[in-house]
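Structure first, then comments.
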Amino acid sequence: MKIGIVLYPTFGGSGVVATELGKALARKGHQIHFITYSQPVRLGRFQENIFYHEVAVSDYPLFEFQPYETTLASKIVDVVKYERLDLLHVHYAIPHASAAYMAQKILAEEGHNVPFVTTLHGTDITLIGKDPSFVPVVQFCINASNAVTAVSESLKADTHAHFRIQKNIQVVPNFIQTEEELPTPNPSLRQAYADPLEPILCHISNFRKVKRVEDVIRIFHQVNQKIPSKLLLVGDGPDRYACEQLCRTLGLCDRIIFLGKLRETRQVLELADVFILPSESESFGLAALEALAVGVPVISSNTGGIPEVNLEGFSGFLSEVGDIEGMATNALRLLEPSERLKFRKQALEQAKSFSIERIVPQYEQIYHNLIST
Ligand code: GMT
């Protein structure tokens, strides 16, 4: 099939999932056309069957706000028409579903029929989407999509709670490449960040309020008082400054390492003993799944779709949002020498239920159903 994937090219989970999906489909022989405003961070190396179409927004002084959605819709029309795409798969409803809808109508006028699948990722529904200034368009576009998927049962339920949806929403969870065996961390890299007996805790996010990164630091503070450890923080965003301040206040500057944004996180995750995800809201928690896939158990909140990914007492532990004490106690449980290997193996086992081989065919089936009707 020839598939157009519309996505955010950034470090956010929706862009990562869309890019990894496109790469996996390309390996299976489909022709993939990524459409977005800059090169997706996970696109990486040159790969057969992959094409990237950049949406360049002109900077006209007349516009106080440049009309990205209009430019995107025009680009989609162009790519569908000249690359003869069979279908579109848009990731994140705003504004990708409405741009796809507009493109579909324009193409229909010219005799091209192109169905589009909308995948809901989370903040497009739970944070931004339900903002009254977006509701009519988001609701309309979800219903107008030819197929709709959500990345967790929790997100599906949230979508029904916030919008009047007539369309069937199919849950297709996010996925990950898993290996048979647990990886061995690169010893010289580990040595660069921690002494041999010091555990490494890790957190990866966009440092937005919803991620509660200050909780990560407070949890780490308690763990570090019992077992001297290191904390690796990956990512950047609005709360980074406050987090750096908190490290200074708690006297943890020599224990916490801010690595900033990284295109590939696997090598860092491989160094970790525990991953912390205390989010306020999370439709899925892709970062937690990426940790599990390298055998790193997860300490998380029990919000949104996280319990579908992190299984209590198996791949890690879950607590109420804001329960710093509980999360610190659970992290210490995972660091017990007698527990470590068991949880590492269970983490990997849990990740395998989201393996790329299991999930990608579910999207292919949706595509087949659409183009054969
Ligand atoms: O994590 C974020 O805030 C970024 C956001 C995005 O749209 O890229 O992530 C959402 O989609 C990811 C991929 O499906 C999910 O794993 C995240 O849980 C979800 N984020 C939230 O719901 C806050």
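The values are calculated or read from the model by the stated rules, or taken from the named source; none is laboratory data. Here the structure is a predicted model, which means the values were calculated and not measured. No Cβ is skipped: glycine too gets one built from the backbone with ideal geometry, and neighbour counts run over all protein chains shown. The area values use the complete protein model at the heavy-atom level, side chains included, leaving out ligands, DNA and RNA. Shrake-Rupley method; radii C 1.70, N 1.55, O 1.52, S 1.80 Å.
Miscellaneous remarks
- Qualifying GluC sites (Glu not before Pro) for the range 298-366 [loop in DSSP, other Cβ within 10 Å: at most 11]: Glu320
- Put Arg42, Arg263 in order of accessible area, highest first, and with a 1.4 Å probe you get Arg263, Arg42.
- In this view, the solvent-accessible surface of Ser319, computed with a 1.4 Å probe and all protein chains in place, comes to about 10 Å².
- Using only side-chain charges placed at the Cβ, +1 for Lys and Arg and -1 for Asp and Glu, the dipole size of the range 187-352 relative to its Cα centre rounds to 340 debye.
- For the chain, built as a Gaussian network whose Cα springs stay under 10 Å, the top-fluctuating residue of Glu336, Glu83, Glu198: Glu336
- Carbon and sulfur %, accessible surface of the chain computed with the full protein complex present, 1.4 Å: 51 percent
- Unit charges on C-beta of K, R, D, E only; dipole of the chain, Debye: 260 debye
- Amide H partners (placed H, <5 Å) of Ser283, local residues excluded: Gly305
- Residues considered: Gly13, Gly313, Gly122. Largest GNM mean-square fluctuation over the chain, using C-alpha springs under 10 Å, is found at Gly313.
- A 1.4 Å probe over all protein chains sorts Ile94, Ile200 by accessible area into Ile94, Ile200, starting with the largest.
- Each peptide in 123-134, 56-67, 20-31, 291-302 receives the mean, over its residues, of other Cβ atoms within 10 Å, and ordering these scores from highest gives 291-302, 20-31, 123-134, 56-67.
- Dipole of the range 168-257, positive direction: furthest Cα of Ile169, Ala242, Ile256, with charges on the beta-carbon: Ala242
- Taking a Cβ cut-off of under 14 Å around Arg84, the surrounding Lys, Arg, Asp and Glu residues balance to a net charge of -2, with basic ones at +1 and acidic ones at -1.
- Take every Cα pair under 8 Å whose residues are at least 6 apart in sequence, average their separation, divide by the length of the chain, and the relative contact order is 14 percent.
- The residues of the range 260-373 expose, per residue, 39 Å² of accessible area to a 1.4 Å probe.
- In Hz, Karplus ³J(HN,Hα) per residue of the range 140-147 (6.51, -1.76, 1.60; θ = phi - 60°; x = Gly, Pro): 4, 6, 5, 5, 8, 5, 6, 8
- Restriction of the GluC sites (Glu not before Pro) in the range 98-173 to DSSP coil positions whose beta-carbon has at most 13 other beta-carbons within 10 angstrom yields Glu110.
- A 1.4 Å probe over all protein chains sorts Arg84, Arg333, Arg266, Arg255 by accessible area into Arg84, Arg333, Arg266, Arg255, starting with the largest.
- Length added when fully stretched, Phe140-Lys105, from 0.36 nm per residue minus Cα-Cα: 11.2 nm
- Counted charge near Val274, where neighbours are those whose Cβ lies closer than 12 Å (Asp, Glu -1; Lys, Arg +1): +1
- Counted by Cβ distance under 11 Å from Pro307, the other residues give a net charge of -4, where Lys and Arg count +1 and Asp and Glu count -1.
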